[in-house]
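The values are calculated or read from the model by the stated rules, or taken from the named source; none is laboratory data. None of these values were measured; they are calculated from a predicted model. Ideal geometry is used to build each Cβ from the backbone, glycine not excepted, and the neighbour counts take in all protein chains shown. Each accessible area value is taken on the protein alone, full model and side chains, heavy atoms only, with ligands, DNA and RNA left out. Shrake-Rupley method; radii C 1.70, N 1.55, O 1.52, S 1.80 Å.
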Amino acid sequence: MAASVAGSIILTNVFMEMFSEGINLQGLLVAITMPIVLGGPILLLLFHKQEQLHHANAQLQQMATIDWLTSCLNRGAFTAEVSRRLRFATWQGALFVIDVDHFKAINDKHGHDRGDDALRLIADAITRAAGERALIGRLGGEEFGVFLPNTTEDKSRSIAENIRDAVADVAFIVSGARCALSVSIGGASFAGNSDFRALYRLADDQLYLAKNAGRDRVALWSAA
């Protein structure tokens, strides 16, 4: 705006020198006010458009990282963030892979809409039980991931059991009747920096053991 005013004064002075002795008071006032009158609304419009663009970019960023159904991180965002933290970790922690038991039966019996409702309730239960420091991701379908930084092995096991209990306590009502929900949890603890893929394989192996042992239980691999 200041540059526009300065340019306006210079141009006005040049034109007025062609026809008179140079810029006068009236000319000076016109040279100052015209850029402000014309430029002010334009600047406001540009600022408004910039805010709209910023909001749109924020929405796109959220869509790229957040699972639309459960509001957890999506698989790509969860994997990337956990991998980043593991590269520089100097502490203990754990990674859980959580699978909803008999989820196909829920979809087949009650429909996919109610299955989606169940996933939302389960995601909320996992988030509450895992605690504020945990990263929660939906890895796909009925599978979730939980990353616990700065957490001892004993505390990790306790949190895993809390998650299992929280899901079992979910009031999932279908046609007036409560439908029981449960999850099987496989986990792997670590100490210091680690690799996400290796840790995920260990946790997934433990999930397989938990499901084979009867489901609705926790199996953790220890780094010790």
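Some points to look at:
- In the set (1) in contact with a helix residue (DSSP H, G or I) (Cβ under 8 Å, 6 or more places away or on another chain); (2) open to solvent by 50 Å² or more (accessible area, probe 1.4 Å); (3) within 28 Å of residue 65 (Cα to Cα); (4) at pLDDT below 95, residue 194 fails one condition alone, (2).
- Region 170-195, residues that are closer than 16 Å to residue 85 by Cβ and in contact with an Asp or Glu (Cβ under 6 Å, 6 or more places away or on another chain): 189
- Single unsatisfied condition, residue 156 versus (1) open to solvent by less than 30 Å² (accessible area, probe 1.4 Å); (2) part of a helix (DSSP H, G or I); (3) closer than 15 Å to residue 99 by Cα; (4) not hydrophobic (A, V, I, L, M, F, W, C): (3)
- Of the set (1) more than 18 Å from the chain's Cα centre (by Cα); (2) of a type outside the set (Gly, Ala, Ser); (3) open to solvent by less than 40 Å² (accessible area, probe 1.4 Å), all apply to residue 139 but (1).
- Of the residues making up region 73-95, those that are surrounded by 13 or more Cβ atoms within 10 Å (Cβ to Cβ) and either among the hydroxyl-bearing types (Ser, Thr, Tyr) or not in a helix (DSSP H, G or I) (or both) number 10.
- Residue 127 meets each of the listed conditions (1) open to solvent by less than 50 Å² (accessible area, probe 1.4 Å); (2) hydroxyl-bearing (Ser, Thr, Tyr); (3) farther than 19 Å from residue 204 by Cα; (4) assigned to a helix (DSSP H, G or I) apart from (1).
- Among the numbered conditions (1) open to solvent by 20 Å² or more (accessible area, probe 1.4 Å); (2) touching a strand residue (DSSP E or B) at 6+ places or on another chain (Cβ under 6 Å), the only one that residue 113 does not meet is (2).
- Residue that is surrounded by the fewest Cβ atoms within 10 Å (Cβ to Cβ) [pool: residues in region 159-172 that are modelled with pLDDT of 95 or more and over 30 Å from residue 91 (Cα atoms)]: 169
- All positions within region 207-222 that are without any contact (Cβ under 8 Å) to a residue 60 or more places away in the chain and of a type in the set (S, T, N, Q): 212
- Of all the listed residues (148, 181, 199, 209), the sole one being assigned to a helix (DSSP H, G or I) and surrounded by 17 or more Cβ atoms within 10 Å (Cβ to Cβ) is 199.
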